[in-house]
Every structure is written in C-alpha cells, then in structure tokens.
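> Take a look at this one; I'll ask things after.
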Amino acid sequence: ILKFGTAAGSLTELAKIKTFPQLGGEREQIESTDLTDSMATYEPGVQQVETMSFTCNFVVADYLSVKAKAMTEGYFELDFGATGGKATWEGKFDVYVNEGEVNSLVEYTIVCYPSTAITISAGGSST
C-alpha cells in the first residue's frame, strides 16, 4: 500500500499498488586516479534515484482522489504488508492513466519525485 500525507503523522492510503519501483540506485563514480596508480580508481559519489513509478488498477473514484492530491509536497510511505518493513521519503507526485488494450484492465501510474533520501525500516502493517 502506498500512503501519503502533508504531515509525517497523518499518512493515509493513497493507492493500492500493483507494482513499485526500485528504491534507490547506483552511486556516481568520482575518479580518484593519480599518477602513481596503474589503473583508474574511484570513490563513491551521489546516489542516483530515478522518478518512482507505481502502477495501480483504474477505478475512477480512486484515480480522481489521487489526482486531487497531485503535485502537493508531502510524506510517503510504501508499506510492504505481510513481509514487514516500510520505505519512507518526502516529495511530490503526479498521476496519469496508462494506455489500454483489448482483454486487459485499465491502469494508472503514480510517479513520485523524491526530495529526500529513501529510508527502509521495520514497521508497516502485518496484513
């Protein structure tokens, strides 16, 4: 379950999700080679985090509720449910309806733009 709120203590369900993105990414490499090295050496730099896309089944009332909160700065929690744990971050999000095809459900995507580091911790729901 993806939760959202404008205050850290007031998170509510934003959407039931089908997929979630990778939570983090590779760090940039900072080259640290000098003339005494026989090969290039590197130090870890800033971690890259792409936009975070969450896929949901389209139900018009749910979509319109999510859309009404779009582009609002807030707090997010991705609850891993029965597996335990949660991911938290701050940022904004937008939402759009995905393309469709015959014999499939319509879906929509929530795209998060994190403004803080993503933190993984114990907690979340037990169901």
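The values are calculated or read from the model by the stated rules, or taken from the named source; none is laboratory data. The shown structure was predicted, so the numbers you read here are calculated from the model rather than taken from an experiment. Cβ placement follows ideal geometry from the backbone for every residue including glycine, while neighbour counts extend to all protein chains displayed. Accessible surface is based on the protein model in full, side chains and every heavy atom, while ligands, DNA and RNA are left aside. Shrake-Rupley method; radii C 1.70, N 1.55, O 1.52, S 1.80 Å.
> Any idea which of (1) of a type outside the set (Lys, Arg); (2) touching a residue at least 24 places away in the same chain (Cβ under 8 Å); (3) under 16 Å from residue 6 (Cβ atoms); (4) out of contact with any Gly (no Cβ under 9 Å at 6 or more places or on another chain) is the one residue 111 doesn't satisfy?
It is condition (3) that residue 111 fails.
> Has the range 40-50 got any residue that is open to solvent by 80 Å² or more (accessible area, probe 1.4 Å), in a strand (DSSP E or B) and among the aliphatic types (A, V, I, L, M)?
Yes; the residues of the range 40-50 include at least one that is open to solvent by 80 Å² or more (accessible area, probe 1.4 Å), in a strand (DSSP E or B) and among the aliphatic types (A, V, I, L, M).
> Moving to a separate point now. Based on what the data block shows, is residue 60 at pLDDT 95 or above and exposed (fewer than 14 other Cβ atoms within 10 Å of the Cβ)?
Against the criterion (at pLDDT 95 or above and exposed (fewer than 14 other Cβ atoms within 10 Å of the Cβ)), residue 60 qualifies.
> While we're on this one: Return the residues of the range 63-79 that are open to solvent by less than 80 Å² (accessible area, probe 1.4 Å) and not in a strand (DSSP E or B); say none if nothing qualifies.
63, 65, 66, 69, 70, 72, listed by residue number.
> Sort out which residues of the range 1-37 are assigned to a loop (DSSP other than H, G, I, E, B), of a type in the set (D, E, K, R) and more than 30 Å from residue 58 (Cβ to Cβ), and write them in order of number.
Once the filter is applied, which keeps residues that are assigned to a loop (DSSP other than H, G, I, E, B), of a type in the set (D, E, K, R) and more than 30 Å from residue 58 (Cβ to Cβ), the range 1-37 yields 26, 34, 37.
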